[in-house]
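K.L.:
Below you will find the structure I want to go over with you.
No lab work stands behind these numbers, since they all come straight from the coordinates. In this text, all values refer to a predicted model and were calculated from it rather than measured experimentally. All Cβ positions, even for glycine, are placed from backbone atoms using ideal geometry, and neighbour counts span all protein chains on display.
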Amino acid sequence: MDPQPIVVKGLRKSFGEQQVLKGIDLAVNKGEILAVLGKSGTGKSVLLRLLIGLEKADAGLICIRGHETTNLQMDQLNEMRLRVGFLFQEGALYDSLTIAENVAFPLRRHSKMADSERQEKVRTLLHSVGLDKDLEKMPADISGGMRKRVGLARALALDPEILLFDEPTAGLDPITAAEIGMLIQKQREERNVTSIVVTHDMHAAHHFSDRLVMLKEGNILLTGTFEDFQKSKDPFVAQFLSDAA
Amino acid sequence: MATSVSAPAPQVRPTVNPMDFVSSGIEWFGELGVFCVRVAKAMFTLPFEWSEFVHQLDATGSKSLPLIALAGSATGVVLSLQSRASLVRFGAKGMLPTMLVFSIVKEMGPIITGLVASGRIGAGIGAELGSMKVTEQIDAMEASAVNPYKYLAATRILACIVVLPLLTIAADACGILMGWIANTLTEPISLQYFINTGINGVSFSDFLPPTLKTAVFGMIIGTVSSFQGMRTRGGTEGVGRSATSSVVLSSLFIILADVILVRLILVFFPT
């Protein structure tokens, strides 16, 4: 049996005096979409940054595709990163490159595709996120929703097995947010991609995720389906649900 | 009803502990050391980022050329105008071409180029990398398994090392040319005679070491600016701070390096 794509045990992280994660245990199954919820500053984004190796954990264990990643050398870490796509909150597109060049960037670096093949792949990726036009526009000339779509296309460029999303629907109108949610689900349906979606949008999380995790003050408060959350008597969870309604 | 107005509480200014200043300085140099080791490792790891390097040659070199040429020209004009009166007073008017070429090639050209480039290139690198840092573009690069020390820092530092001596030659040439024009406006003299007389008094060792020392200035500008940019924190305000500190620190280190390098040049190439 294949190991779970993401396993986290006793994960701790502090910044100076501030303890952000106080011992997180988490496991995500193959093809599952897990939404991580919580107030701002509860360590949701830090969790994603630890998973991709942008931050180093103080203690605990992270296993990606069955391999421990907490103490990897840079080469091994980069090897792991090729299998993981990351969508940053604001898209994090390279300002100096066009939309098409942004999506082509990982392909240029990590594949031996011919130019024509690469251009075709870029067009296919941008088409899959609903962007067929404006390929030569600069990131500064497109909307926030489009930037996230381009960011998603770039994250998908190397056909990752795992996708990490940092607030993919934040700051978007409900229609665009729903479209992003559908794109996340589409990855699972088409390629059985495993996803972790950090969000504070309970409504969106309910629509596109299989399971929810609620973080509070650096700990996991509750894990379960949306129905489990609805049944919860915890006042914090209840408030989160009522605010989302 | 009477109201009592209480005196405003005296504002307590935070005291600056000199030890904090010293420790933050040591911390800065420590981080710079770690940064340099990472960049040096990345620089010698294949494959080399040729396309980004060429792009940086254009960004730091071609685009800085007009400003450097202008600064060199102004130096030449000012040197010519200022020196002429003094030389006439001492009856050494004929020494003007030699004095001008010697001054520009030996010190004015290199240091003016270094300081102007630290403003133009240093601010550019500091602001660009700072902006990339606060908008998570550098994180995105790292998450894509691309080493930002190699792709962003090493290419910029190498471009600065290559470009500064070339810009210095351009500044020298503009300075000499404009010095001749300024002189000719007062007392017509052929360019060929001016250059021949000027160059006669300058040996190759007067030209080469001072020109090549600007490669060190380039290394300082590239390293300090990339370092300041890549450690930016605090949004757009932080980007502004990084751009400013890149220029200030680069200029400071260039001036210090110039003193040391001039001394070394005098030791190894005695006149």
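K.L.:
Under 17 Å from a label point 7 Å along Cα→Cβ of B:Leu266: give me every residue in segment B:182-209 with its amide N that close.
P.N.:
B:206-207, B:209
K.L.:
Okay, next question. For A:Ala27 and A:Arg191 in one chain, what is 0.36 nm times their gap in residues minus the Cα-Cα distance, to one decimal in nm? Before the final figure, lay out the partial values.
P.N.:
Details: separation 164, 0.36 × 164 = 59.04 nm, distance 1.97 nm.
Difference between extended and current length: 57.1 nm.
K.L.:
When we measure straight from the Cα of A:Lys216, which lysines land under 23 angstrom away, once same-chain ones fewer than 8 places off are left out?
P.N.:
A:Lys9, A:Lys13, A:Lys22, A:Lys39, A:Lys44, A:Lys56, A:Lys231, A:Lys233
K.L.:
Under 21 Å Cα-Cα from A:Lys112, which lysines qualify once same-chain neighbours fewer than 8 residues away are excluded?
P.N.:
Cα-Cα hits under 21 Å: A:Lys121, B:Lys150.
K.L.:
Check cross-link reach from B:Lys93 to the aspartates and glutamates: straight Cα distance under 14 Å, and skip same-chain residues fewer than eight apart.
P.N.:
Within reach: B:Glu187.
K.L.:
Hey, can you grab everything whose amide H is under 5 Å from the amide H of A:Arg211? Only 5+ residues off in sequence or another chain; H modelled, so Pro and N-termini drop out.
P.N.:
A:Ile33, A:Ala35
K.L.:
Kindly state, to the nearest 0.05, the FRET efficiency for B:Lys41 paired with A:Gln76, given R0 = 25 Å and r defined as their beta-carbon distance.
P.N.:
On the way: r = 16 Å, r/R0 = 0.63.
Efficiency computed from Cβ-Cβ geometry: 0.95.
K.L.:
Under the Karplus relation 6.51 cos²θ - 1.76 cosθ + 1.60, θ = phi - 60°, what is the ordered set of whole-Hz ³J(HN,Hα) values for segment A:141-151, x standing for Gly and Pro?
P.N.:
For segment A:141-151, the Karplus curve yields 9, 10, 6, x, x, 5, 4, 5, 5, 5, x Hz.
K.L.:
With charges set only on the Cβ (+1 for Lys and Arg, -1 for Asp and Glu), what does the dipole of the protein assembly as shown come to about its Cα centre, in debye to the nearest 20? Intermediate values should be presented prior to the final figure.
P.N.:
On the way: 48 positive and 50 negative charges, 201 e Å.
Taking the Cα centre of the protein assembly as shown as origin, the dipole is about 960 debye.
K.L.:
Against the longest principal axis of chain A, how steep is helix A:99-110, in degrees 0 to 90 to the nearest 10, with axes from Cα atoms?
P.N.:
Orientation of helix A:99-110: about 80 degrees from the principal axis.
K.L.:
How far, in nm, would the chain grow between A:Ser242 and A:Arg211 when pulled straight, counting 0.36 nm per residue and subtracting the alpha carbon separation? Don't skip to the end; give the middle numbers.
P.N.:
Values: separation 31, 0.36 × 31 = 11.16 nm, distance 1.86 nm.
Extending this stretch completely gives an extra 9.3 nm.
K.L.:
In bins 10 Å wide, starting from 0, what share of all Cα pairs of chain B does each bin hold, as a percent?
P.N.:
7, 24, 27, 18, 12, 7, 3, 1, 0, 0
K.L.:
Next question, about the same structure. So for segment B:96-245, averaging the separation of alpha carbon pairs under 8 Å that are six or more residues apart and normalising by length, what relative contact order in percent results? The partial results should precede the final answer.
P.N.:
Working: 187 pairs, mean separation 76.1, N = 150.
The normalised contact order for segment B:96-245 reaches 51 percent.
K.L.:
I'd like the orientation of helix A:235-244 relative to chain A: the angle between its Cα long axis and the longest Cα principal axis, in ° from 0 to 90, rounded to 10.
P.N.:
40 degrees
K.L.:
Follow-up. Can you find, among A:Leu47, A:Leu241, A:Ala35, the residue sitting farthest towards the positive end of the charge dipole of chain A, where Lys and Arg contribute +1 and Asp and Glu -1 at Cβ?
P.N.:
The Cα lying farthest towards the positive end belongs to A:Leu47.
K.L.:
With θ taken as phi - 60° and the coefficients 6.51, -1.76 and 1.60, list the Karplus ³J(HN,Hα) couplings across segment A:57-63 in order, rounded to whole Hz; mark glycine and proline as x.
P.N.:
3J(HN,Hα) across segment A:57-63, in whole Hz: 6, 6, 7, x, 10, 10, 10.
K.L.:
Taking the Cα centre of segment B:49-268 as the origin and placing charges on Cβ (Lys, Arg +1; Asp, Glu -1), which of B:Leu152, B:Gln228, B:Val259 is farthest toward the positive end of the dipole?
P.N.:
B:Val259
K.L.:
Check which residues have an amide H placed less than 5 Å from A:Ile24's amide H, if you skip close sequence neighbours.
P.N.:
Answer set, sorted by chain and number: A:Gly10, A:Leu11, A:Arg12.
K.L.:
Which value, in debye to the nearest 20, gives the size of the charge dipole of chain A about its Cα centre, when Lys and Arg are +1 and Asp and Glu are -1 at the Cβ?
P.N.:
Working: 31 positive and 34 negative charges, 74 e Å.
The calculation lands at about 360 debye.
K.L.:
For B:Asp20 and B:Ala74, what is the calculated FRET efficiency with R₀ set at 56 Å and r taken between the beta-carbons, to the nearest 0.05? Write out the running numbers ahead of the final one.
P.N.:
Values: r = 42 Å, r/R0 = 0.75.
Using R0 = 56 Å, I get an efficiency of 0.85.
K.L.:
Counting DSSP beta bridges with both partners in the protein assembly as shown, what percentage is antiparallel, nearest 5? Mind dumping the intermediate values first?
P.N.:
On the way: 20 of 37 bridges.
If we restrict to bridges inside the protein assembly as shown, about 55 percent are antiparallel.
K.L.:
Right, another one. Of B:Ser250, B:Ser64, B:Gly130, whose Cα points farthest to the positive end of the dipole of segment B:49-268 (charges on the beta-carbon: +1 Lys, Arg; -1 Asp, Glu; origin at the Cα centre)?
P.N.:
B:Ser250
K.L.:
Report, for chain A, the % of DSSP beta bridges that are antiparallel, rounded to 5. Mind showing how you got there, number by number?
P.N.:
Numbers: 20 of 37 bridges.
Percent antiparallel among DSSP bridges in chain A is about 55.
K.L.:
Let me ask something else. Using θ = phi - 60° and the Karplus curve 6.51 cos²θ - 1.76 cosθ + 1.60, what whole-Hz ³J(HN,Hα) does each residue of segment A:170-181 get, with Gly and Pro shown as x?
P.N.:
5, x, 9, 5, x, 5, 5, 4, 5, 5, 5, x
K.L.:
Something else: Return, ordered by residue number, the residues of segment A:189-204 whose backbone nitrogen is under 17 Å from a label point located 7 Å along Cα→Cβ of A:Ser128.
P.N.:
Output list for this probe position: A:189-196.
K.L.:
Relative to the Cα centre, what is the charge dipole magnitude of chain B, using +1 at the beta carbon of each Lys and Arg, -1 at the beta carbon of each Asp and Glu, and rounding to the nearest 20 debye? It would help to have the intermediate numbers written out before the result.
P.N.:
Numbers: 17 positive and 16 negative charges, 98 e Å.
Rounded to the nearest 20 debye, it is 460 debye.
K.L.:
Amide H neighbours of A:Leu221 under 5 Å, at least 5 residues apart or on other chains, H built in the peptide plane: list them.
P.N.:
For A:Leu221, the qualifying residues are A:Met214, A:Leu215, A:Lys216.
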